[in-house]
1. If I filter segment 295-312 down to residues being farther than 16 Å from LEU236 by Cα and among the small types (Gly, Ala, Ser), which single residue comes out as surrounded by the fewest Cβ atoms within 10 Å (Cβ to Cβ)?
2. Residues in segment 264-283: is at least one over 23 Å from SER129 (Cα atoms), over 19 Å from the mean Cα position of the chain (by Cα) and in contact (Cβ under 8 Å) with a residue 24 or more places away in the chain?
3. Out of all the residues in segment 312-341, which are touching a His at 6+ places or on another chain (Cβ under 7 Å) and either free of Cβ contacts under 8 Å to residues at least 40 places away in the same chain or among the aliphatic types (A, V, I, L, M) (or both)?
4. Given the condition under 29 Å from LEU186 (Cα atoms) and either charged (D, E, K, R) or part of a strand (DSSP E or B) (or both), answer yes or no: does some residue in segment 63-72 qualify?
5. Any residue at all in segment 158-167 that's open to solvent by 10 Å² or more (accessible area, probe 1.4 Å) and either on the phi > 0 side of the Ramachandran plot or of a type in the set (Lys, Arg) (or both)?
6. Just give me the residues in segment 218-237 being open to solvent by less than 80 Å² (accessible area, probe 1.4 Å) and either of a type in the set (Ser, Thr, Tyr) or over 16 Å from GLY184 (Cα atoms) (or both), in sequence order.
7. Please count how many residues of segment 200-217 are farther than 17 Å from SER146 by Cβ and buried (at least 20 other Cβ atoms within 10 Å of the Cβ).
8. Tell me, please, whether a residue that is closer than 14 Å to VAL191 by Cα and touching a helix residue (DSSP H, G or I) at 6+ places or on another chain (Cβ under 6 Å) can be found in segment 114-126.
Amino acid sequence: MTIECVNPEGLRFNQMKSSSHQTLETRMRPILMKGHERPLTFLRYNRNGDLLFSCAKDHTPTVWFADNGERLGTYRGHSGAVWCCDISRDSSRLITGSADQTAKLWDVKSGKELFTFKFGAPARSVDFSVDDHLAVITTDHFVGTSSAIHVKRIAEDPEDQVGDSVLVLQSPDGKKKINRAVWGPLNQTIVSGGEDAAIRIWDAETGKLLKQSDEEVGHKEAITSLCKAADDSHFLTGSHDKTAKLWDMRTLTLIKTYTTVVPVNAVAMSPLLNHVVLGGGQDASAVTTTDHRAGKFEAKFYDTILQEEIGGVKGHFGPINALAFSPDGKSFSSGGEDGYVRLHHFDSNYFNIKI
């Protein structure tokens, strides 16, 4: 593994006071982490924020120290791209979903594979419930099977684990992927979004569809990403329609919209400040990647309330596919088509930004 400290661009924010515009530059030194051979797909911090888990198309989920970017280990067992992961609240178990038509449970510390959930289609998204006793897993449309949401019970003792589903929810349009599904407050609901551009809230016990986003205010193209606020009161979605939208978790009321100039592949919300960050870019095959500016491969920061762009982070040589804030809000990471994870620890200037 190669770990380098580089500073090709730094982090630039625009600070506005009264009617004048001032530029506030915060020069961080991002840690460049090279541990994957293929494009990144997903990033997740554990609850304590000391570990960072990364998924990529190279079949091998990886865990890193979140403070210095040192690689701790890898989880070997998948035979296809790994699309998503989640970590239990006590950081003892990892769950991963893969194009090899399985989702796997792992022992975080030893790297041992504890159980494999087998499907007849790629497993696109995974999410532990609040108490870690359940997991929601989405599967793609694939050769005779429709895209679906599966709820699995997670046994305390791996020896007791079974593969049966507690609940299966079929997508209204079974041929379009459900790219993300997460638990709502108190595990009472499941929130999903995918290729048909609709956000849906389901009853997690009965499977009944409770709410669906309004076409007039909702996304116009495929929803690529979805992340929850720390208190589960609202959530953020990103779409190929070049917007991200903030929604009320219970009522599905649209709160805010953030507009950018490229398709959005990844979104994240700061748990500390009123900031959201969006990442994306044109498809790597459609642009030259010799210069990171060519495809607008930049993580864009927005003021959550005012919906205004306040800064950006450059550095990836390809579209950004994954973003995550640390639980304390003092750092964030990004993963790109270039196979790198970039870890940024904010300096003091970042916390003094005022709009």
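The values are calculated or read from the model by the stated rules, or taken from the named source; none is laboratory data. No experiment lies behind these values; they were computed from the predicted model shown. So basically every Cβ, Gly included, is an ideal-geometry build from the backbone, and we count neighbours across all protein chains shown. These area figures cover heavy atoms from the full protein model, side chains too; ligands, DNA and RNA do not enter into them. Shrake-Rupley method; radii C 1.70, N 1.55, O 1.52, S 1.80 Å.
1. GLY312
2. Checking segment 264-283: not a single residue is over 23 Å from SER129 (Cα atoms), over 19 Å from the mean Cα position of the chain (by Cα) and in contact (Cβ under 8 Å) with a residue 24 or more places away in the chain.
3. VAL313, HIS316, PHE317, listed by residue number.
4. From segment 63-72, those under 29 Å from LEU186 (Cα atoms) are 63, 66; that's our starting set.
Of the ones still in play, those that are also either charged (D, E, K, R) or part of a strand (DSSP E or B) (or both) are 63.
For segment 63-72, residues under 29 Å from LEU186 (Cα atoms) and either charged (D, E, K, R) or part of a strand (DSSP E or B) (or both): present.
5. From segment 158-167, those open to solvent by 10 Å² or more (accessible area, probe 1.4 Å) are 158-167; that's our starting set.
Those left that are additionally either on the phi > 0 side of the Ramachandran plot or of a type in the set (Lys, Arg) (or both): none.
Checking segment 158-167: not a single residue is open to solvent by 10 Å² or more (accessible area, probe 1.4 Å) and either on the phi > 0 side of the Ramachandran plot or of a type in the set (Lys, Arg) (or both).
6. Of the residues in segment 218-237, the ones open to solvent by less than 80 Å² (accessible area, probe 1.4 Å) are 218-219, 222-229, 232-237.
Hits for segment 218-237 are GLY218, HIS219, ALA222, ILE223, THR224, SER225, SER233, THR237.
7. If we filter segment 200-217 for residues that are farther than 17 Å from SER146 by Cβ, which is where we start, we get 201, 203-206, 208, 210-217.
Add one more test, that the residue is buried (at least 20 other Cβ atoms within 10 Å of the Cβ), and what stays is 201, 204, 213.
The number of residues fulfilling the criteria is 3.
8. Kept after step one, since they are closer than 14 Å to VAL191 by Cα, are these residues of segment 114-126: 125-126.
Next cut, touching a helix residue (DSSP H, G or I) at 6+ places or on another chain (Cβ under 6 Å) only: none.
No.
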